[in-house]
Amino acid sequence: MSLPRADRRLAALLRICALPVAAIVLLILLFLARESQPVLQHVALSRFISDASWHPLQGLYRLTPMLAATLYATLGALLLAAPLGIASALFSRYYAPPLLAAGYRRMIELLAGIPSVVYGFWGLTTLAPLIGRLHPPGVSLLSGMLVLALMILPTVALTVDAALAAVPVAYIRSAAALGLSRWGLIGGVALPAARSGIAAGILLATGRAIGETMAVLMVTGNVVQLPQSLFDPVRTLTANIALEMAYATGDHRAALFVSGLALMMMVLVLVTTAELFNKERRHV
Amino acid sequence: MFKNHLATGLTWLAAALVSGMFAWLLVDLLMHGLAKLSWAFFIESPENSGRSGGIGPIITSTALILLITVATALPLSLATAVLLSEFTRRDGVFALLIRRSLDVLAGVPSIVFGLFGNAFFCIDLGLGFSILSGGLTLACMILPILIRTTEEGLKAVPDDYRLAAAALGLSRGAALAHLLLPVAVPALLAGLLLGIGRAGAETAALIFTSGYVARMPDSLLDSGRALSVHIYDLSMNVAGGDAAAYASALILIMLLLIINTIAAGLMKHWNLAKV
Amino acid sequence: MRLFKKTADTPADKLKTQTAYTLGPLQSGPPCCVPEPLIRVEKLSLHYGAKPALNEVSLDIYKGCITALIGPSGCGKTSFLSVLNRLTDMIPGCRVSGRVVYGNQDLRHPALDVQALRRDIGMIFQKPTPFPLSIRRNIELPLREHGINKAADLNDVLQRVLQEVGLWDEVKDRLEAPAQALSGGQQQRLCIARALALQPKVLLMDEPCSALDPISSGVVEDLIQRLRGQYTVVIVTHNLAQARRIANYAGFFWVRERAGCLVEFGQCKQIFDDPAHELTAAYVHGRRG
């Protein structure tokens, strides 16, 4: 492609502006790695799992309770949000009358825009006390799961909705012409056709849940322990960073950056997997 | 037949459940927060650790942070989107690299942005806890949204215009300035508003970059407290701060609602005009 | 290429003309010019990625004349046209080989000023493409880009070209109105005016009438005829009757070995009445394509 001179200059200028954008991800990884260095120099990675407990001031860096809390909370949130999100999408697309469907979709979009701190705040003042009445103290793994579920539900609902919208109308019409019932049509044709989009949406929601900080920080109680029941207070990886960064120095601070790197890796894996699903969808 | 009815029933139940939760949340916030809302609340400074008084300086800080975010992110995202859409091959290596890195960037947790912002802007660049650091960190966060929407807007402009412009000997720059960008402006605006909405809701990234100070900021290098951080502080660290927190949460939600509604309206308008 | 060999009208020929599928009487039109080639194409080949689109096309475009490129869809006629104003530069993966000489310049030379070339060689597309601007801005935009900035000059050119295409009386009172509010035929004439504003030497037209209704089509066709002599026109058309009516020269394209090729090129009268190639004869008489 031969460009005229003025355009070549414009393209060069644009490339210079786009460079920082391209570099940011690398920069983030670089900085995380650099700040983690001090502790990784004399603490093996395995110790982050095998140490006795998380007491950084005494040189103990066991991250397992936090990792467990993050994973349990995410899993629980997904178990709740995935079916509800898919059902919401099906509702607005196939079940509800047009006006109701539009209103419902609008509501989901609004839910998606509510800041995490407000979800956390509401969970803290309303949900946690309710759970506390069932089984003290209230701020627990369960409240974390519920709040997270509420937060990632709009993500699931909106991505599944988009995936269903991409199913060719021809499929739906032929299924209807074959006399399939509504559920037969949905379960047999629409959902399978949209399955890679749905998978990508769920992976995206998982990434969001893993990375969520404020809401879980406010409702899970922040006790560093491996949860024995749903009602035990826990501390997630993200909450750990948020709480201790303020006063952490030296190796302690570096250890927090290590957990930041771990989060980054988890998200990278999820994003790449979601990309693979999206690619598969394009071939379909 | 039974399966069909069961599915219908379950779906309606799920929808009712979700709507119920949403209504519960909203009613709760309104009930507790409406009382404290007033013009004075909006303007005054917080007193008694925020239990009384207002959120004036906090609104100012938030506005300043968002201003920096937009001022930084807008030109960079515009340049990148134009580059991706008009000057690179759709399937080229360069475009692929940028797109991948943007996808990853979109998934990075906000606390990691906080860590990065703290290490890079606050410490390395020496900006300290400041509105500037916070704004720049948030700019990194919203780049993927802005770029994606702007690129979609440019892609939606029919190729006919590009070919006709080229046939008339117009340079790509001229075609962009006079034809393509003006047509893509609604998409640009929508993306900008979405980005602002996302940035305004951010908390974790700001705690370690713009800090906690609730005074009226004198300069961009002063530490400033954003609205979302204020809600966090009131609810977690200040006993009896709940009332103020409810009111602040209500204001935040209302502002974000307005922004997101305008953005959604713009996208719909632009989609119809795309025909 | 039997360009200068005059074929005598035998009674058999006259019969052929009468009994062949009637395409209408061949208008001879004003004698077009001293046939001086303006653009010479030698062995032009074109590939989109691995797919061949044109295979070794050679022909000459004669100055001041209307040259029609005929043939069924997919023969590479539009691709051929796109080479002449280097619009193929904008298509990723497009490879062009062969020689194209415009005047005395090598059209395909990488250092050629493409913007200046496109000022000399204008293009009209099948679907009218008025910009989403006012009528006035549509014409002024390319003029400004090419350095004409004074309001008086712009107004002069505006009036001149709109009169040339016959739009002046229709739009002179609403020059600020959006161009996309015009009818299809008016839009296409506006596009022609826009191209004429740059005072080109050559106009490339890719089926300019096919997207228009019959009446607008007729108006545009009359306009094209008026351009003869002052401009060199290369027009791709599916409408054989139209080609017969307006063209001085005609090139017949076909698909061979999955790539487009030029089967025959010559004076319009000869192509339609006494084609050398049987494929040409079959096509113009409606038996093939």
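Only the coordinates and a few stated rules stand behind these numbers; no lab work does. No experiment lies behind these values; they were computed from the predicted model shown. Heads up, the Cβs are rebuilt from the backbone with ideal geometry, glycines too, and the neighbour counts pull from every protein chain shown.
Taking label positions 7 Å along the Cα-Cβ direction at both residue B:28 and residue B:258, the computed distance is 2.6 nm, reported to one decimal. For region B:37-274, the spherically averaged projection of the C-alpha convex hull amounts to 14.4 nm². The HN-Hα couplings worked out from phi for region A:84-94 by the Karplus form 6.51 cos²θ - 1.76 cosθ + 1.60 (θ = phi - 60°) are 5, x, 5, 4, 4, 5, 4, 4, 6, 9, 10 Hz, whole numbers, x standing for Gly and Pro. Each residue of region C:111-120 was assigned a 3J(HN,Hα) from its phi angle through the Karplus curve 6.51 cos²θ - 1.76 cosθ + 1.60 (θ = phi - 60°); the sequence is 8, 5, 6, 5, 5, 5, 4, 6, 6, 7 Hz, with glycine and proline shown as x. What is the helix-to-structure angle for B:227-236, meaning the angle in degrees between its Cα long axis and the longest Cα principal axis of chain B, kept from 0 to 90 and rounded to the nearest 10? Tilt relative to chain B: about 40 degrees.
If R0 is taken as 22 Å, the Cβ-Cβ distance between residue B:67 and residue B:94 corresponds to a FRET efficiency of 0.10.
Averaged over peptide B:77-89, how many Cβ atoms belonging to another chain are found within 10 Å of each residue's Cβ?
Values: counts 3, 2, 10, 8, 3, 5, 9, 3, 0, 4, 10, 6, 3.
Going residue by residue through B:77-89 and averaging, the value is 5.
Summarising the amide proton neighbourhood of residue C:124: residues at separation of 5 or more, or on other chains, whose placed amide H is nearer than 5 Å comprise C:204, C:205, C:206. Using θ = phi - 60° in the Karplus curve 6.51 cos²θ - 1.76 cosθ + 1.60, the 3J(HN,Hα) couplings for region B:198-211 round to 5, 5, x, 7, 6, 10, 4, 6, 8, 4, 9, 10, 10, x Hz; x is entered for Gly and Pro.
Fewest Cβ neighbours within 10 Å first, please rank A:54, B:24, B:39 accordingly.
Values: A:54 20, B:24 13, B:39 8.
Ordered by Cβ neighbours within 10 Å, fewest first: B:39, B:24, A:54.
Counting only other chains, what is the mean number of Cβ atoms within 10 angstrom of the Cβ of each residue in peptide B:49-62? All intermediate terms of the calculation are to be shown ahead of the outcome.
Numbers: counts 0, 0, 0, 0, 0, 0, 0, 0, 0, 0, 0, 0, 0, 0.
Going residue by residue through B:49-62 and averaging, the value is 0.
Near the amide H of residue C:264, within less than 5 Å, lie the amide hydrogens of C:252, all on another chain or at least 5 residues away, with H placed in the peptide plane.
How high is the FRET efficiency from residue B:125 to residue B:37, r the C-beta distance, R0 35 Å, rounded to 0.05?
Using R0 = 35 Å, I get an efficiency of 0.35.
With kT/(6 pi eta Rh) evaluated at 25 °C and eta = 0.890 mPa s, and Rh the Kirkwood radius from Cα pairs, chain C diffuses with a coefficient of 123 µm²/s according to Stokes-Einstein.
Please report Rg over Rh for the protein assembly as shown, where both radii come from the alpha carbon positions and Rh follows the Kirkwood definition. Walk me through the intermediate numbers first.
On the way: Rg = 34.1 Å, Rh = 31.4 Å.
Result: Rg/Rh = 1.09.
Counting only chymotrypsin sites (Phe, Trp or Tyr not before Pro) that DSSP places in a loop and that have at most 13 other Cβ atoms within 10 Å, the longest clean stretch of chain C runs over C:22-289. Inter-part distance, region A:156-230 to region B:1-71, computed on C-alpha centroids, equals 24 Å.
Averaged across the residues of A:88-96, what count of C-beta atoms belonging to other chains lies within 10 Å of each residue's C-beta?
Numbers: counts 6, 1, 6, 10, 2, 0, 3, 5, 3.
Partner-chain Cβ atoms within 10 Å, mean over residues of A:88-96: 4.
Exposure proxy shown here: for C:215, B:111, the number of other Cβ atoms within 10 Å sets the order, fewest to most, as C:215, B:111.
A simple spin-label model places pseudo-atoms 7 Å from Cα toward Cβ; at residue B:219 and residue A:64 they are separated by 5.1 nm. Each of C:160, A:173, C:189 was scored by other Cβ atoms within 10 Å of its Cβ. Arranged with the fewest first, they read A:173, C:160, C:189. Share of Cα-Cα pairs in region A:50-283 beyond 27 Å, in percent? Beyond 27 Å sits 43 percent of the P(r) for region A:50-283.
What's the FRET efficiency of residue C:238 with residue C:168 using the Cβ-Cβ distance as r and R₀ = 30 Å, to the nearest 0.05? Walk me through the numbers before you get to the answer.
Details: r = 30 Å, r/R0 = 1.01.
In this case the efficiency is close to 0.50.
Using a Gaussian network model of chain B in which every pair of alpha carbons under 10 angstrom is joined by a spring, one finds that among B:192, B:220, B:132 the greatest mean-square fluctuation is at B:220.
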